[in-house]
Structures are given as C-alpha cells and as structure tokens.
1. Can you tell me the 0 to 90 degree angle between the C-alpha axis of helix 35-55 and the longest principal axis of the chain, rounded to 10?
2. Work out from phi, with θ = phi - 60° and the Karplus expression 6.51 cos²θ - 1.76 cosθ + 1.60, the ³J(HN,Hα) of each residue of the range 163-171, listed in order in whole Hz, and give x for Gly and Pro.
3. Could you work out the relative contact order of the range 4-228, using alpha carbon pairs under 8 angstrom and six or more residues apart, expressed as a whole percent?
4. Obtain the nm distance between the two label points defined at residue 222 and residue 326 by a simple spin-label model: each point lies 7 Å from its Cα along the Cα-to-C-beta direction.
5. Tell me, what ³J(HN,Hα) does each residue in the range 188-201 have, in order and in whole Hz, if you take phi through Karplus 6.51 cos²θ - 1.76 cosθ + 1.60 with θ = phi - 60° and put x for Gly and Pro?
6. Ranked highest first by the average count of other Cβ atoms within 10 Å around their residues, in what order do 119-126, 191-198 fall?
7. Rounded to the nearest 20 Debye, what is the dipole magnitude of the range 1-141 about its Cα centre when Lys and Arg each give +1 and Asp and Glu each give -1 at the C-beta?
8. For residue 339 and residue 77 in the same chain, what is the full-extension length gain: residue separation times 0.36 nm, less their Cα-Cα distance, in nm?
Amino acid sequence: MTVYSHSRLSCFEQCPYKYKLQYIDKVEPEVAQSIEAFLGSCVHEVLEKLYKDLQFEKKNSLEDLIKYLHEVWEKNWDNSIVIVKKEYKKDNYLKMAEKFITKYYDRYHPFTEGKTIALEDRILINLDSKGCYQLQGYIDRLVEAGAGFYEIHDYKTNSRLPLPKYIKSDRQLALYMIGVKNNYPDVKDVKLIWHFLAFDKEVDSTRSDEELDKLKKETIKLIDKIESEGRFVANTSFLCDWCEYRPVCKQWVHLYKIKEKSGSKYLSDSGVKLVNLYAELKEKKKKFVDALDAELEEVEEALFSFAEKEGLDVVFGSKNKIRIKETETVRFPSKNSKERIKLEKILKENGIWEEVDQLDTAALNKILSEKKIDERLVEEINKFIKMEKSKRVYMSKL
C-alpha cells in the first residue's frame, strides 16, 4: 500500500479532485512559489543550521545567523515568487524573517535546553502491527529533554495564531508522536511543541495512549476511504483561490480558457453565451415573481379590509373560498438592544437562563404560558414583551 503523509491526507480532505491531480495523475502545476512559503523555507533553513552547528560544537552569534539568512535569501530568490499583498515589498518580508530569527535567538540562547537528536529527519509511522498502513513525515527538530522524555518541535511562520482547539486536534505532530514512540523504546513521554515565530510564542501539548489509538483508527479509516475512492469529486471552497491546480480543474478551466481570448472575443464562446442567457432568464423570472408577490399582497390587504368591514371570517369566490385567521405573536427585544440585555440579566439573576436555553424565545414563551414561574417575575418579563397581531389567508376549493 502507498506510504501516506499528513499533507497527502489533508489534500484529500480539502479536495478529492486536487488529490487525484496531484498524487494519481501527477500533474505538474505551472505556479510560482508564494513569498510566505519562501520566507518559511528560509527561516527553517537558518534554524536548522543553528542546531546542526551546535551538534558540532559551533556556536553561531545572532549576527552570524542574520548573515546566513541573507545569503540563503539571495541565493534562492527568484523573481517569479509571488507577493499577493502588493502594498508590501520583498524587503518587508526579509525584515520579518530577521525579526523571527532575532526573537527566537533572544528567547532560547544559549540553546542548552535538551539534546537535539534529529533535524529535518524523516520518520516512518506504522499505524498497525502488520505495517500495512504507513505514513512518513519530517520532524523539524527532535529533542531528548531527559531520560525517556522527548520533544517534537515544529516552526510556524503563520501570520495568525491558531485557537487552542487546533493545537489539541492537530494531526501532524500527533502522528509524529506515534512514530517516535515506535522508534525509541525508552520513551516515557513525548511533548509536542509549536513555535509561532511571528508572535514569539511557544505552545505545547501531548496526547494520551487512548488519543493516539483513536487517531490511528481514524487515519486508517481515512486511508481506506482514499484507496476505495473512485470518483474524486471536486470540493469547491474559499481554498480554491489559493489552489495551484485551478487552471486544469474542471471547476475552473473554462474561466482560464476565456481569459486567454483577447478583448471581447470571449463573448463568442458558446458557454459564455449560454450562461449569460440563463442569467438573463432567471432575472426576468425574479422580476415577474416579485411583481406577482406585490400584487398578491395588495389583494390580501383588500381581503382583510373587506372581511373586517363585513364581519366575516370566510370570503367565498366562484370556485374557491378563503379563510382569514388572525393570530397574536409574542415578540421579544431584538438581539444586542438595551432591552434585550436587561431581559437577559433578569433571566440570569432568577436562575432560568439555562432553562430557556440562553433566551430561546419559544422556550421562554412556553414557560410563561404554562405559568412555571412566580407572578412577580412574569410581570417583570412581560414589560419586555410586545404582542403583535397578524393575519393570514388560507385558500381551499369549494
């Protein structure tokens, strides 16, 4: 069976069709690297040098690392690298990279905590005892913090700090943890550590044996799903905006074809003509329906007036009859209004906030109608309630 990876699994979860293009059809997309990915790669290379040199008893100063960053940056820079945020230039991102390295250096110098035993090291992960389900990954840095105590370090250059639940549910480092526990028989515990360099923040977590067993089962189930997949349907989402396979994706390829046609020539495209015609007809239908609804409302108002004037509940036509029903609806203050805030405070103070499911108006209305609370509180709540009358028509054949 195929040796999977976290990124391969994530690709299928994001979009099965992208997975097919990338891993089955092996389509090579013509897309340039983003400046964010380039920055991350350079920073990883500098931090790898820092710890690799320390293994050989070579201690780099901060100035040495910044100099090396510039060398790596210039050596690997390519003018095809894409900067989406046009208000920022190449140098802005280089300065960001310098800040990441500087903050990290100042925080952890002299780098004597724990013993680095692997850098950018490939790890093979067995999910079952027979070795049928395997994954591979690359650990940024593996550290032995004490006899039997290991740390998996991962460097992130994200511009956003993830929520705690992301850390708790992150699959990648948890899978690496399974690999470390399999490969190092003296393991007592493994700590997962994320370094969010943009925020100079370290976040750590771990997983219990029960959680790892659950992850193994879930990952095996996902691999089985991929192996048995036959259709590989495209999953369109906001992530399409960053997908390198858009020019060859069935969901987007037509857009790229008409973009290649200069000027207004694309308007001669049969697909464009059909879509434009369909949109035009839909707009006509909407206008017609809107006009019809407005006319129906006018007739309803006329029926209400006629029935009220004549003292009727039912009005007859030649083939149909219309019953007019008047109802009273309880209206509570709108969300975020001053009255709503006051009402919520009263409910909380009187211990019925949870009972009405954080102001589920239907639940509160039921409590009031069934008189489940004392009269004083009912009077207090009623100050915030408005009774709204409405009429509806029900038509049936004679």
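No lab work stands behind these numbers, since they all come straight from the coordinates. The structure displayed is predicted, hence computed values, not measured ones. Note that we place each Cβ from the backbone using ideal geometry, even for glycine, and neighbour counts take in every protein chain shown.
1. Long axis of 35-55 versus the principal axis of the chain: about 40 degrees.
2. Residue by residue, the range 163-171 yields 6, x, 5, 5, 4, 5, 9, 4, 8 Hz.
3. So the answer I get is 18 percent.
4. The answer from the label model is 6.1 nm.
5. After applying 6.51 cos²θ - 1.76 cosθ + 1.60, I find 9, 7, 10, 9, 9, 10, 9, 10, 8, 5, 5, 10, 6, 10 Hz.
6. The most tightly packed comes first, giving 191-198, 119-126.
7. For this selection, approximately 200 debye.
8. 88.4 nm is the gain from fully extending residue 339 to residue 77.
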